[in-house]
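*Asks:* Have a look at this one before I ask anything.
The values are calculated or read from the model by the stated rules, or taken from the named source; none is laboratory data. Note that this is a predicted model, so its numbers are computed, not measured. For neighbour counting, all protein chains shown are included, and Cβ atoms are generated from backbone atoms with ideal geometry for every residue, glycine included.
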Amino acid sequence: MTWWFKAAIALALAAGFWLLYRSRVNHLLEIHRMRFDIAGDLHDEIGSNLSSISVETQLLLASPDLGKEQREQLSDIGETTRETMEAIRDIVWFINPRNDLMEDIQLKLRATAGRLLAGLEWSLELSPQLHFEELDLEVRRNLFLIFKEALTNIVRHSGARTCRIRLFDSSAGYELEIQDDGCGFEAEPAPGESGLLNMRRRAARIKSELQVLSIPGQGTLIRLIVPHRRR
C-alpha cells in the first residue's frame, strides 16, 4: 500500500468526520432557532390573548349590575386566567435558549421563592458544584415545577413560619430539599387536596425519586433526587 493511498484514506475519513460534525452542529442550531420561535409565539399569541381576557374580566367585575353568582364565576375565570398566564411565562422562560445557563436558573429559583414565600422566613442554599446546563430541558423544567408546587403547598396548607431550601450535588445526583416547620400530616392527603400527586407524576416522568417525610406538628421535608445524566 503506497503512501499516497494511505493519505487518501486518511483524508476521506477526515472528510467524513467533518461532515458528521457539521451535520450535528446544524441540527443543534436548528433546534436552537426552533426554541426561539416557539418561545416568541407563546409569548406573543397566547400570552397576549390571556392578558386581554384578564383585563376584560376585571372590567366586567367593575359593573354594578352583576349578581353574586355571576361575580363569583367571573372571579374564578380571572383567577384561572392569571394562573395560566403565570404558567405560560414559566414555559416561555424555560424554552428560551437565553436562559440555559446555571446563573439564569439560580436567579429564577430565587425570584420564585421570594415571590411565593413572601411573609415567611426562608433561605435558599445552592451548591457551587451544580451544573444544571448538563440536564436536558425536560428535566430542568419538571424540577422547577416540583420546586414551585412544593412552595405553593407550604403557603396554602402548612401554616409554616419558616422554610429552608437546599439544592446540591451528591453521589446520588442533584438533590432538592424543601423543609418547613408547618402543621405536617400523618398520611398523604387525597389527590384533590394537594399537589403531591402532580409532584410524584413529574418526578416519575424524569426518572427521579420524590421522598416525603412529614410529622404532625413538626413540619414536612420533601426531597427530590435527580440522577446524574448528560444531554
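*Asks:* Just wondering, is there one or more residues in the stretch 171-178 that are on the phi > 0 side of the Ramachandran plot, of a type outside the set (A, V, I, L, M) and not in a strand (DSSP E or B)?
*Replies:* yes
*Asks:* Given the condition modelled with pLDDT under 70, aliphatic (A, V, I, L, M) and under 26 Å from ASP136 (Cα atoms), answer yes or no: does some residue in the stretch 40-54 qualify?
*Replies:* For the stretch 40-54, residues modelled with pLDDT under 70, aliphatic (A, V, I, L, M) and under 26 Å from ASP136 (Cα atoms): present.
*Asks:* Can you tell me how many residues in the stretch 110-160 are hydrophobic (A, V, I, L, M, F, W, C) and closer than 20 Å to PRO227 by Cβ?
*Replies:* Number of matching residues: 12.
*Asks:* Among the residues of the stretch 92-104, which ones are buried (at least 17 other Cβ atoms within 10 Å of the Cβ) and among the hydrophobic types (A, V, I, L, M, F, W, C)?
*Replies:* VAL92, TRP93, PHE94, ILE95, listed by residue number.
*Asks:* Continuing with the same structure: Can you tell me which of ARG98, ARG89, ARG110, ARG140 is at pLDDT 90 or above and farther than 24 Å from GLY184 by Cβ?
*Replies:* Only one candidate qualifies: ARG110.
*Asks:* Give the residue, chosen from LEU126, LEU117, that is out of contact with any Gly (no Cβ under 9 Å at 6 or more places or on another chain) and at pLDDT 90 or above.
*Replies:* LEU117
*Asks:* Collect the residues in the stretch 59-83 that are of a type in the set (Val, Ile, Thr) and either at pLDDT below 75 or more than 23 Å from the chain's Cα centre (by Cα) (or both), keeping them in residue-number order.
*Replies:* ILE77
*Asks:* Could you list all residues from the stretch 87-136 that are assigned to a strand (DSSP E or B) and over 18 Å from LEU176 (Cβ atoms)?
*Replies:* Matches in the stretch 87-136: GLU121 only.
*Asks:* Of all residues in the stretch 170-206 being acidic (Asp, Glu) and at pLDDT 80 or above, which is nearest to VAL226 (Cα to Cα)?
*Replies:* The selected residue is GLU175.
*Asks:* Looking at the stretch 105-131 only, could you name the residues that are buried (at least 16 other Cβ atoms within 10 Å of the Cβ) and under 13 Å from the mean Cα position of the chain (by Cα)?
*Replies:* Of everything in the stretch 105-131, those that are buried (at least 16 other Cβ atoms within 10 Å of the Cβ) and under 13 Å from the mean Cα position of the chain (by Cα) turn out to be ILE105, LYS108, LEU109, THR112, ALA113.
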